[in-house]
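A quick write-up on the structure given underneath.
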Amino acid sequence: MYFCPQNRDLWLDGFQFEVVDASVPLTGTHIMPPPRQPVNLSFEHHFDGWIIAGSSPQDYTRSIELIEQGTRAAYFKSAVEQPRGNIVLQQTVSTYDYRGKTVRLSAILRADGVIQQASLYLGQGVGSNSRIERTIQGTADWQTYDITLSVPDEP
């Protein structure tokens, strides 16, 4: 998840990662190593297993919020009027168990006043600039976003 400067508020919930069959259309391709599968996708353990990075993470507040039906959502909010950069919430996962398969990353997102963009993305390869992403702008109620990709047979 990528959150750009001048954004307002963004909530995240309902992440899912699954193997899908060949009939599911691809949204691109990109990947990396450990752990062998995503962890803490429901934020039950706060941000454990997630990496918080970016060019200006100190310009954002972040926490986990209890939402409807007892589920948890991570949120990021601008802590200053004009953030100098972005904040990134990410996980790196090994492709070992997914080689030769197609996978899907799903997340339920809500946005409030996202001026530039927030992005849900998957990437493949260390240092690669290419990635599959779905961008979110403006204000939107909870909505599901999906990304699918094929994992190569060989590492």
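The values are calculated or read from the model by the stated rules, or taken from the named source; none is laboratory data. Because the structure is predicted, anything quoted here is derived from the model rather than measured. Cβ placement follows ideal geometry from the backbone for every residue including glycine, while neighbour counts extend to all protein chains displayed. These accessible areas exclude ligands, DNA and RNA; they are computed on the full protein's heavy atoms, side chains included. Shrake-Rupley method; radii C 1.70, N 1.55, O 1.52, S 1.80 Å.
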Give me the residue from the stretch 136-155 that is surrounded by fewer than 19 Cβ atoms within 10 Å (Cβ to Cβ) and in contact with a Phe, Trp or Tyr (Cβ under 9 Å, 6 or more places away or on another chain) and, out of that set, modelled with the lowest pLDDT.
PRO155
Taking the residues in the stretch 48-76 that are closer than 14 Å to LEU10 by Cβ and open to solvent by 60 Å² or more (accessible area, probe 1.4 Å) as candidates, determine which candidate is farthest from the chain's Cα centre (by Cα).
THR61
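I'd like to check which strands (runs of 3 or more DSSP E) are fully inside the stretch 43-85 and have at least 1 residues that are of a type in the set (Lys, Arg).
Working: elements: 51-53, 60-66, 72-78.
Those strands (runs of 3 or more DSSP E) span 60-66, 72-78.
For GLU65, state whether it is of a type in the set (D, E, K, R) and at pLDDT 90 or above.
Values: of a type in the set (D, E, K, R): yes; at pLDDT 90 or above: yes.
Spelling it out, GLU65 is indeed of a type in the set (D, E, K, R) and at pLDDT 90 or above.
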If the Cβ limit is 8 Å and pairs must be 6+ apart or interchain, which residue in the stretch 108-121 that is basic (Lys, Arg) pairs with which residue that is at pLDDT 90 or above?
ARG110/ALA73; ARG110/ALA140; ARG110/ASP141; ARG110/TRP142; ARG110/GLN143
Just a yes or no: is a residue in the stretch 85-101 of a type in the set (Asp, Glu) and open to solvent by 80 Å² or more (accessible area, probe 1.4 Å)?
no
